[in-house]
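The values are calculated or read from the model by the stated rules, or taken from the named source; none is laboratory data. Keep in mind it's a predicted model, so treat the numbers as computed, not measured. As a convention, Cβ positions derive from the backbone with ideal geometry for all residues, glycine included, and neighbour counts pool all protein chains shown. For the accessible areas, the whole protein counts, side chains as well, though only heavy atoms, and no ligand, DNA or RNA atoms are used. Shrake-Rupley method; radii C 1.70, N 1.55, O 1.52, S 1.80 Å.
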Amino acid sequence: MLNVIVSRLKQGHRTMVYPSGPAPELPDRFRGRPSIDPEKCLTGCRLCSDVCPGKAIVVADMVRIDMGRCLFCTECSTACPQQAISFTNEYRLAARNRQDLIVVPGKQEALPAARLDDRLLGMFGKSLKLRQVSAAGCNACEADTNVLGTIGWDLSRFGIQFVASPRHADGVLITGPVSRNMRLGLEKTFLAVPEPKIVIAVGACAIAGGPYADHAEVENGADNIVRVNLYVPGCPPHPLTILDGLLRLLNRI
Amino acid sequence: MNHEKLRMVTLVNGQSVELDAIALLAPDAFQTVVADAVDVGQRVASLFAAPARQRGVTQLFAVLVNTQLSRLHIVRTEIHGGQYPSLTNRCPQVHLFEREIAEQYGIKPVGHPWFKPVRYHESWTGRDAWDRPAGEPILPGVCDFYRVEGDEVHEVAVGPVHAGIIEPGHFRFQCHGELVFHLEIALGFQHRGVEGALIGGPDARSIHYAETLAGDTTIAHTTAYCRVIEALSKCRKTARAQTLRGIALELERMANHVGDLGALAGDIGFLPTMSYCGRIRGDFLNMTALLCGNRFGRGMVCPGGVGFDMDDARVEKLLRQLDAAEKDATVAIELLWDTPSAMARFENIGRLPKQVALDLGMVGPAARAAGVEVDTRNDQPSGVFRFTHIPVSTYDTGDVFGRAYVRWLEIQHSIQFIREQLHTIPSGDILNRAGSLLPNRIAVSLDEGWRGEVCHVAITDDDGRFMRYKVVDPSFHNWPGLAYALRNQQISDFPLCNKSFNLSYCGHDL
């Protein structure tokens, strides 16, 4: 018993001050929201889209990067002879609308909307229980969602908890591209959550299939099964990106 | 055994040879070689099928690990038609491999004692080993489960969706009261078709498949993938790149081991260690992010070396973070061993005898905890581990405590290893770009991931593209061990046993 108390004193208080204080430091090599410099981007060049493993880059009248498909691997910025594409340290990537994940050349104007509508906010704003379904996720998105429950992040201080039964949940947080073999499991879990309910898709796989997009064995993300209320891009998203998404969803920051 | 006579090809970890160098054995000679090798202490790292040039013919390849000689042996045979006599009865460790071959290529292992699908998908050849009608949907987890009958026997089914934030799998327990007679595990829910998609590669996606084969084992799988590419393109890595790979691999091991020790504490309701370790795990993930910007090491390892270099400031910072994490981890984890009520829940739970671990061909900490001295870093060293040896951590109880304690021993060795390496990182470049792959060759690469041996085998075609790419995650060897460990245990101890193995679903399901 004495050992436990001594260890407790040694470990100290470790819950981060964010969001009332500064966000935890991100590594200098962190790859956040991509940025396209319209001055540097040459029209007619497809070097970036050719090397993209996630088919995230569309070259038409201008270059667009779909963060929902982006694996944040930086192959595009390496391939660009003009250095027109760079990855910023902007970690706030989550959005309510799928099209808000499309990055166009130029500076980001404002953060994309993530807030729930008033009716749902009134119900879930101070208490949100989520059932997590891993549907062919590689365990990276799962692990960095799980980490939000540890004392460092302490998700429960915002009234957000992951629960063991869909019957106790207000929504489902989905990771993975949704394998054909998990489709039924996901559908049944979603059906078991009482109305009204929300869906959060975490990671490139859950948004659009990630590296597994267009495999016959997967359903290319949660969108094709259920209506998604919040998209959290990344491969996997940093826990701070997930937390920011949840807090903006609930209008807490 | 006369290797000369059988013309068994012998190579070292991370080497490639011409496909033609591997003599074709007759099917019965092939089986004899594999079974005899296992009898004298070798292990089947991989057994898989691949197409042959002739239509209607399938090749079988076996990769044997010879720990004593630190060498790998490859043998092959051809199967004409849709069946061959099963080897499983003579050599239990191939049971899942034979089921996998049947599922992928539609070839029946006649006489297999436990013949059912592994991942629940259609075969790649149009031939079905279970004679299921074409076009009929294949439902995951729908098969004959082993059943115990009796008045007071009941069955408990769990999953695929579990209570926590965890990957899906289906577990069937045959119970008598609280006592588990038998557990059967049905997986395949995570099947994403990775091996099939790798055929025809390498392409832009190949390395991302490697990085996400098991997302918590990114460094080990990607290193194994890259070493296959390097072997097939005769690309030489620099010493600097190999050292940085080794550092990343050990950081990955520590993050997962610390996280699991915390989760084990959580499963017995010992909250202090659970809380501390959950956070300290993040400290190790952040060290990986310091190297490459990503907590799971995405982008760190690439064909020909590593994607990110080290500088003095980064070395300093990493050493500081390592010191702090070591201090915290020591306090948090030793608390477990000092608390009798915690130890009482670890000791004698989920016991796996050494002989069973050997028979099942188990690997990694789960095997080492049962007294099996097996560690790829030591037995088949590659990269930096050829120059710096990490002691093999073993224990002899084979129970939850053994599996937990081996993790702690490994954490300590890894910290020491990284500290040494950080002081002596060789100078030079970090990347020698790998060129195109040589045609008609086979390469094998083994790596000691935190769960155990990661095995990648690639075979190239006439154009130097992947004709077959075979991945074996350590979980593939170890899931049956978990099922065995549950025998005669209380069903309420399942979460604890499960976490002490902490096997990968997606690594198994591919």
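With respect to (1) out of contact with any Gly (no Cβ under 8 Å at 6 or more places or on another chain); (2) within 14 Å of chain A (Cβ to nearest Cβ); (3) not small (G, A, S), the lone exception for B:T222 is condition (1).
Inspection of the stretch B:44-60 finds a residue satisfying the criterion of being surrounded by 19 or more Cβ atoms within 10 Å (Cβ to Cβ), more than 20 Å from B:F476 (Cα to Cα), of a type outside the set (V, I, T) and within 24 Å of the chain's Cα centre (by Cα).
Using beta carbons and a limit of 6 Å, which pairs, at least six apart or on different chains, have the first residue in the stretch B:221-232 and within 25 Å of A:N139 (Cα to Cα) and the second one of a type in the set (K, R)? Filtered contacts from the stretch B:221-232: B:T223/B:R245. For A:G176, which of the numbered conditions (1) more than 8 Å from chain B (Cβ to nearest Cβ); (2) free of Cβ contacts under 8 Å to residues at least 60 places away in the same chain; (3) open to solvent by less than 10 Å² (accessible area, probe 1.4 Å) fails to hold? Unmet condition: (1). The set of residues from the stretch B:178-203 being in contact with an Asp or Glu (Cβ under 7 Å, 6 or more places away or on another chain) and small (G, A, S) comprises B:G188, B:G193.
Each row is one residue, and each column tells you yes or no for (1) more than 14 Å from every other protein chain (Cβ to nearest Cβ); (2) among the aliphatic types (A, V, I, L, M).
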residue	(1), (2)
A:I198	yes, yes
A:N229	yes, no
A:G234	no, no
A:P237	no, no
A:L240	no, yes
A:R248	yes, no
A:N251	yes, no
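Among the residues of the stretch A:24-45, just one is basic (K, R) and open to solvent by 70 Å² or more (accessible area, probe 1.4 Å), namely A:K40. Reported count of residues in the stretch B:457-507, each being hydroxyl-bearing (S, T, Y) and in contact with a His (Cβ under 8 Å, 6 or more places away or on another chain), is 2.
Going through B:A434, B:A485 one at a time, which residue ends up being in contact with a helix residue (DSSP H, G or I) (Cβ under 6 Å, 6 or more places away or on another chain) and more than 26 Å from B:N256 (Cβ to Cβ)?
Checking each option against the conditions leaves just B:A434.
Looking across B:V65, B:V110, one residue alone is in contact with a strand residue (DSSP E or B) (Cβ under 7 Å, 6 or more places away or on another chain) and within 21 Å of B:V457 (Cα to Cα). It is B:V65.
Comparison of B:A289, B:A204, B:A265 shows that the only residue that is free of Cβ contacts under 8 Å to residues at least 12 places away in the same chain and closer than 30 Å to A:Q11 by Cβ is B:A289. Can you pull out every residue in the stretch B:173-187 that is open to solvent by 30 Å² or more (accessible area, probe 1.4 Å) and charged (D, E, K, R)? Residue satisfying the conditions is B:E178 alone.
Need at least 1 residues that are in contact with a Lys or Arg (Cβ under 7 Å, 6 or more places away or on another chain), of a type outside the set (V, I, T) and under 26 Å from B:H257 (Cβ atoms) per element, so show me which helices (runs of 4 or more DSSP H) inside the stretch B:169-244 make the cut, counting only ones lying wholly within it. Even if it seems obvious, please write down each step before you answer.
Details: elements: B:194-198, B:206-212, B:218-233.
Output list reads B:206-212.
Of A:D118, A:D154, A:D170, all but one fail to be more than 9 Å from every other protein chain (Cβ to nearest Cβ), open to solvent by 10 Å² or more (accessible area, probe 1.4 Å) and in contact with a Phe, Trp or Tyr (Cβ under 6 Å, 6 or more places away or on another chain); the exception is A:D170. When each of B:L285, B:L264, B:L244 is tested for being farther than 27 Å from B:S382 by Cα and open to solvent by less than 40 Å² (accessible area, probe 1.4 Å), the lone residue that passes is B:L264.
Tell me, which residue of the stretch A:60-104 that is basic (K, R) and not in a loop (DSSP other than H, G, I, E, B) is most open to solvent (accessible area, probe 1.4 Å)? In this case the residue turns out to be A:R64. Here A:Q11 meets each of (1) open to solvent by 30 Å² or more (accessible area, probe 1.4 Å); (2) facing chain B (nearest Cβ under 8 Å); (3) of a type outside the set (D, E, K, R) with one exception, condition (1).
On the stretch given as the stretch B:118-140, residues that are buried (at least 18 other Cβ atoms within 10 Å of the Cβ) and either free of Cβ contacts under 8 Å to residues at least 60 places away in the same chain or farther than 19 Å from B:Y505 by Cα (or both) total 6.
Hey, does the stretch B:83-99 have a residue that's among the β-branched types (V, I, T), within 27 Å of B:G449 (Cα to Cα), in a strand (DSSP E or B) and open to solvent by less than 30 Å² (accessible area, probe 1.4 Å)? Quick ask: steps written out before the conclusion?
First pass over the stretch B:83-99, keeping only residues among the β-branched types (V, I, T): B:88, B:94.
Filter once more, so that each one left must be within 27 Å of B:G449 (Cα to Cα): B:88, B:94.
Cutting the leftovers down to in a strand (DSSP E or B) gives us none.
Checked the stretch B:83-99: no residue is among the β-branched types (V, I, T), within 27 Å of B:G449 (Cα to Cα), in a strand (DSSP E or B) and open to solvent by less than 30 Å² (accessible area, probe 1.4 Å).
B:A434 meets all of the listed conditions (1) surrounded by fewer than 19 Cβ atoms within 10 Å (Cβ to Cβ); (2) modelled with pLDDT under 95 but one, namely (1). Across the stretch B:449-505, the qualifying residues are those that are under 19 Å from A:N139 (Cα atoms) and among the acidic types (D, E), and the one among them that is nearest to the other protein chains (Cβ to nearest Cβ) is B:D473. Just one of the numbered conditions (1) crowded, with 24+ Cβ neighbours inside 10 Å; (2) more than 11 Å from chain B (Cβ to nearest Cβ) is not true of A:P194: (1).
The residue of the stretch B:17-43 that is modelled with the lowest pLDDT, among those that are under 19 Å from B:A458 (Cα atoms), open to solvent by 30 Å² or more (accessible area, probe 1.4 Å) and not in a helix (DSSP H, G or I), is B:L24. Residues that are under 23 Å from the mean Cα position of the chain (by Cα) and assigned to a loop (DSSP other than H, G, I, E, B) occur at least once in the stretch B:69-81.
For (1) within 27 Å of B:P495 (Cα to Cα); (2) without any contact (Cβ under 8 Å) to a residue 12 or more places away in the chain; (3) in a helix (DSSP H, G or I), each residue gets a yes or a no:
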{"residue": "B:T273", "(1), (2), (3)": "yes, no, yes"}
{"residue": "B:Y276", "(1), (2), (3)": "yes, no, yes"}
{"residue": "B:R281", "(1), (2), (3)": "yes, no, yes"}
{"residue": "B:M310", "(1), (2), (3)": "no, no, no"}
{"residue": "B:L318", "(1), (2), (3)": "no, no, yes"}
{"residue": "B:A324", "(1), (2), (3)": "no, no, yes"}
{"residue": "B:L335", "(1), (2), (3)": "yes, no, yes"}
{"residue": "B:R345", "(1), (2), (3)": "yes, no, yes"}
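Selection of the stretch B:287-315 for residues being of a type in the set (D, E, K, R) and closer than 24 Å to B:P202 by Cβ yields B:R298, B:D309.
What residue, of B:A255, B:A197, is open to solvent by 10 Å² or more (accessible area, probe 1.4 Å) and facing chain A (nearest Cβ under 10 Å)? Don't jump to the end; show me each part of the working.
Numbers: B:A255 fails: open to solvent by 10 Å² or more (accessible area, probe 1.4 Å).
When all the criteria are applied, what remains is B:A197.
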